[in-house]
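Below is one structure; the comments refer to it alone.
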């Protein structure tokens, strides 16, 4: 549990001379859930996209087990960034078959991930007919296909009803016991408080706080303090 699986050192991203991520240094422990908190537009998604190779950092380092990140590390990373990448005219199994074929994975892995996300009884129902929660779970199943050690989820409870949120929470909490480290972003404090072992709070592109979640902590007051400080710093 004490081993660090992923670190960033002074990670920065600039778009059109505007710094969206500013010297962010994360430290993610193996087999844990790390919640990256922040208001909309804080730089959370941009940070996660750099960790998954979707964006190239302007400066700074990303380290996996203490060595520089390379594209080869993507074989051990699963990600669901923004909307699940689904073919809505295909069933859950057919969607997974497309991705498994691309990755050269056996059909047995399709059945494994369907069971993990509790979609193994959806039969011939097309994914376009799924609820938002089912679509999110299918997106996570796709991210799990390559048996990742690190799973990165961007706002995984967005748009879900209370039942969907609870199912998602239980699913995410189960991953560390399976040897999967989870990094998730959110702006919903109560959800992250129930899921995460450690949190980072990002505002105005800067990481203002990073520590373990402690019982009885007033996360809302801490969040508002960090956001307020970073807004003032940016004015």
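A compact table of results
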| read-out | value |
| --- | --- |
| Selection status of residue 138, outside any helix (DSSP H, G or I) and touching a helix residue (DSSP H, G or I) at 6+ places or on another chain (Cβ under 6 Å) | no |
| Enumerated strands (runs of 3 or more DSSP E) restricted to segment 168-235, each holding at least 1 residues that are out of contact with any strand residue (DSSP E or B) (no Cβ under 8 Å at 6 or more places or on another chain) | 198-203 |
| Selected residue [over 17 Å from the mean Cα position of the chain (by Cα) and either surrounded by 15 or more Cβ atoms within 10 Å (Cβ to Cβ) or modelled with pLDDT under 95 (or both)] from 74, 119 | 119 |
| Residue that is farthest from residue 3 (Cα to Cα), among those in segment 33-51 that are in contact with a helix residue (DSSP H, G or I) (Cβ under 9 Å, 6 or more places away or on another chain) and surrounded by 20 or more Cβ atoms within 10 Å (Cβ to Cβ) | 42 |
| Residue 156 being in contact (Cβ under 8 Å) with a residue 40 or more places away in the chain, surrounded by 22 or more Cβ atoms within 10 Å (Cβ to Cβ), touching a strand residue (DSSP E or B) at 6+ places or on another chain (Cβ under 8 Å) and not in a helix (DSSP H, G or I) | yes |
| Strands (runs of 3 or more DSSP E) enclosed by segment 1-119 - at least 1 residues per element that are in contact with a strand residue (DSSP E or B) (Cβ under 8 Å, 6 or more places away or on another chain) and more than 16 Å from residue 139 (Cβ to Cβ) | 4-15, 18-24, 27-29, 33-37, 59-64 |
| Pick from segment 198-211, criterion in contact with a helix residue (DSSP H, G or I) (Cβ under 8 Å, 6 or more places away or on another chain) and closer than 20 Å to residue 169 by Cα, ranking: surrounded by the most Cβ atoms within 10 Å (Cβ to Cβ) | 201 |
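The values are calculated or read from the model by the stated rules, or taken from the named source; none is laboratory data. Keep in mind that this is a model prediction, so the values were computed, not measured. Every residue, glycine among them, receives a Cβ derived from its backbone with ideal geometry; neighbour counts consider all protein chains shown.
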